[in-house]
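In what follows, a single structure is set out as structure tokens and then discussed.
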Amino acid sequence: EAEVAQSPRYKITEKSQAVAFWCDPISGHATLYWYRQILGQGPELLVQFQDESVVDDSQLPKDRFSAERLKGVDSTLKIQPAELGDSAMYLCASSPRGGGGRETQYFGPGTRLLVL
Amino acid sequence: GDSVTQMEGPVTLSEEAFLTINCTYTATGYPSLFWYVQYPGEGLQLLLKATKADDKGSNKGFEATYRKETTSFHLEKGSVQVSDSAVYFCALSGGNNDMRFGAGTRLTVKP
């Protein structure tokens with residue numbers, strides 16, 4: 001069964017350092033999502049891509065966060081500089097292209113970030 | 001905007017007990033509704049879904065029915081096992097694929 005791949009699984013960094021997370025969606029899935037999940041809460045959307053284009057980045061803290069999906073396949077999420085409050089699980093998900101939305105999203109295992 | 005409210009946990013049950021986790025939603029239009037499960041240290045796995053009113057989603061003994069009249073999608077299982085211990089998230093997805101999650105309910109099943 002096809003899965004969403006993420007790396008690394010765990011990352012420990014010091015505040016003010018740069019970190020990057022990678023995601024490879026299920027083959028053929030046009031839509032890719034990055035979520036942040038704070039411990040004890042549900043995931044919150046950071047950015048949504050349709051192919052290589054950003055569809056929604058309204059909740060992305062653009063002063064320190066950036067995301068790209070240059071060829072419309074895999075994606076990278078970067079934080080620079082990291083702050084203590086960025087400690088969380090970062091989840092990537094993908095869904096097939098479909099008209100009208102309401103699609104199932106398939107999640108990767110996540111990257112757990114700890115900022116010291 | 002669209003939102004999901006699910007019962008607060010944690011929920012602790014004995015093995016073979018009946019499980020209900022309540023979920024209600026607020027949405028414009030006709031969203032799809034989902035239950036995801038998250039095991040410790042892992043990502044979210046789709047448990048079941050329903051795409052229109054009166055649909056029943058089911059998987060691994062879990063069921064939930066899309067009730068438009070009560071805007072609810074409660075999760076039920078007749079006999080829980082220790083292996084069902086996890087965090088359960090109710091979610092909805094509207095016309096722009098913007099998925100909104102509840103806060104999650106932690107279930108612990110004791111032998």
Right, A:E103: touching a Lys or Arg at 6+ places or on another chain (Cβ under 6 Å), charged (D, E, K, R) and closer than 21 Å to B:S93 by Cα or not?
-> no
Pairs where the first residue, in the range A:22-50, is more than 8 Å from chain B (Cβ to nearest Cβ) and part of a loop (DSSP other than H, G, I, E, B) and the second is surrounded by 15 or more Cβ atoms within 10 Å (Cβ to Cβ) and of a type in the set (F, W, Y), C-beta under 6 Å, 6+ apart | A:I26/A:Y106
Is it the case that some residue within the range A:13-20 is more than 13 Å from the chain's Cα centre (by Cα), at pLDDT 95 or above, more than 14 Å from chain B (Cβ to nearest Cβ) and closer than 28 Å to B:V87 by Cα?
-> yes
Where in the range B:1-71 are there strands (runs of 3 or more DSSP E), lying fully within it, with 2 or more residues that are free of Cβ contacts under 8 Å to residues at least 40 places away in the same chain?
-> B:44-50, B:56-59, B:62-65
The lone condition A:S58 fails out of (1) buried (at least 17 other Cβ atoms within 10 Å of the Cβ); (2) small (G, A, S); (3) assigned to a loop (DSSP other than H, G, I, E, B); (4) within 13 Å of another protein chain (Cβ to nearest Cβ) is (1)
Give the residues of the range B:23-38 that are more than 10 Å from chain A (Cβ to nearest Cβ) and surrounded by fewer than 16 Cβ atoms within 10 Å (Cβ to Cβ), sorted by residue number.
-> B:T26, B:T28
Odd one out for B:E42, checked against (1) modelled with pLDDT of 95 or more; (2) surrounded by fewer than 18 Cβ atoms within 10 Å (Cβ to Cβ); (3) under 18 Å from B:F101 (Cα atoms); (4) not aromatic (F, W, Y) | (1)
When the range B:77-106 is examined, which residues are found to be farther than 17 Å from B:V4 by Cβ and either within 14 Å of another protein chain (Cβ to nearest Cβ) or not in a loop (DSSP other than H, G, I, E, B) (or both)?
-> B:K77, B:V82, B:S83, B:D84, B:A86
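The values are calculated or read from the model by the stated rules, or taken from the named source; none is laboratory data. Quick caveat: nothing in here was measured; it's all calculated off a predicted structure. Every residue, glycine as well, gets a Cβ built from its backbone with ideal geometry; the counts of neighbours run over all protein chains shown.
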